[in-house]
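Throughout, read-outs are computed from the coordinates displayed, never taken from laboratory work. From a predicted model like this one, the values you see are computed outputs, not experimental measurements. Note: ideal-geometry Cβ built from the backbone for every residue, glycine included; neighbour counts use all protein chains shown.
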Amino acid sequence: MLDISHIPTNPTNTFTLYATGNWQTWTKPRNAKMIEIFCLGAGGGGGGPAPSSSNSNGAGGGGSGGIVRGLIPAFLLPDTLYIFVGKGGAGAIGSAVSGGAGGISYVSVQPSTSEQTLVCKSSTIGAGGGGTTTAAGAGGTISIVGLSAFGNLGIFTAIAGGAGGVGGTSAGGGAGSVQALGATLVCGGAGGGGRFGSAGFYTPGGNIEAAPAILTTTILGGAAQTNENGGGGYGVMQPFCGVGGSGGGSASSGLGGNGGNGWYGCGGGGRGASSAGTPKSGDGGDGLIIITVIT
């Protein structure tokens, strides 16, 4: 007969830590046997395009954050861990400005990002912000878990973030849409629409495309030639997954549409092309760290 009495029971304590801009402390509960860590980095902000009286590009969407998951025997960890949750990259404000990079999330035995003190970090390089001339923000690079000294106490899996969508071009190329659940649990923001004004041709912002069963709502980009804003991202906690913001629509005159904000770890949408300065791109979603205690 199989003896399973040594296997830990179901999780009894789950702690969710949000971005604060400061180090936070987490205290190990009594009777903890195993600690499970879900460490998500922040998404990058959408870019802001350079305006033009005739032809102009839409800006790229921000990338999504990397993810690290790990399981560690509780007795191998100190009673207090230090947590830093990455802040989402700011969407570009003004003309010809790239979106801000998404912050990396850290779990450490000291309030330090030194590899010698880390249990894990969400990625090696944080998610990139969208560019000013169509370039998409890169996803957070895959974390090299073995470099984090105390990550060697457990079993970890690292996942890279996903890139945002490209902006529409000044020659009529369409803005890049992004597929939900295409490569990871969180996705980048879509690109802003382009403006080929000399030919009277304008493109909408890129969409966030739905996925079957879970993320079933497509977020449409802003309509072409209307200055329409992109839609904000959304997600669910069980099963954990979410999406970035869609791209802003191009403008026949004046301001282009804003990109939508990203959900946790997701990228912000890029702004649409315009003939004048544009006010705001989508913000990247903050990171998140969830610690589950098995007793």
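Details
- Working from the Cα coordinates of the range 187-232, the gyration tensor eigenvalues give, after taking √(5λ), semi-axes of 25, 9, 8 Å in decreasing order.
- Among Asp283, Asp79, the order by Cβ neighbours within 10 angstrom, fewest to most, reads Asp79, Asp283.
- Under-5 Å amide H pairs with Gly48, H placed in peptide plane, nonlocal only: Ala92, Val97, Ser98, Gly99
- Measuring nothing but alpha carbons in the chain and taking Rh as the Kirkwood radius, the Rg to Rh ratio lands at 1.10.
- Anisotropy class of the range 141-219 from Cα gyration tensor, a/c 1.5 cut: oblate
- Think of each Lys and Arg Cβ as +1 and each Asp and Glu Cβ as -1; about the Cα centre, that makes the dipole of the chain roughly 180 debye.
- Cα gyration tensor shape for the range 85-166, rounded if a/c is under 1.5, else prolate or oblate: prolate
- Neighbours of Phe15, meaning other residues whose beta-carbon lies under 13 angstrom from its beta-carbon, give a summed charge of 0 when Lys and Arg score +1 and Asp and Glu score -1.
- On full extension, the segment bounded by Ala276 and Phe75 gains 66.4 nm, given 0.36 nm per residue less the C-alpha separation.
- Over all other residues within a Cβ to Cβ distance under 13 Å of Pro49, the charged ones net out to +3, with Lys and Arg as +1 and Asp and Glu as -1.
- Look at the alpha carbon pairs under 8 Å that are at least 6 residues apart: their mean separation over the length of the chain gives a relative contact order of 25 percent.
- When Arg30, Arg69 are arranged by Cβ crowding within 10 Å, least crowded first, meaning fewest neighbours, the order is Arg30, Arg69.
- Whole-Hz Karplus values for the range 106-113 come out as 10, 10, 9, 8, 9, x, 8, 9 Hz, taken residue by residue from phi with 6.51 cos²θ - 1.76 cosθ + 1.60 and θ = phi - 60°; glycine and proline positions read x.
- Peptide ranges 55-64, 35-44, 223-232 listed from the most packed, as the mean C-beta count within 10 angstrom indicates: 55-64, 35-44, 223-232
- Cα Rg over Rh - the range 10-120, Kirkwood: 1.17
- Legend: ranking of residues Cys266, Cys241, Cys187, Cys120 from fewest to most surrounding C-beta atoms inside 10 Å; resulting order Cys241, Cys120, Cys187, Cys266.
- Candidates Thr124, Thr80, Thr141, ranked by Gaussian network fluctuation over the chain, Cα under 10 Å, top entry: Thr80
- Tensor-based shape of the range 53-92 (alpha-carbon gyration tensor, a/c under 1.5 rounded, otherwise prolate or oblate): oblate
- Here the range 153-295 is treated as a sphere whose radius is the Kirkwood value from Cα pairs; by Stokes-Einstein at 25 °C and 0.890 mPa s it diffuses with a coefficient of 164 µm²/s.
- Here the contact order of the range 67-117, divided by its residue count and restricted to Cα pairs under 8 Å and six or more residues apart, works out to 35 percent.
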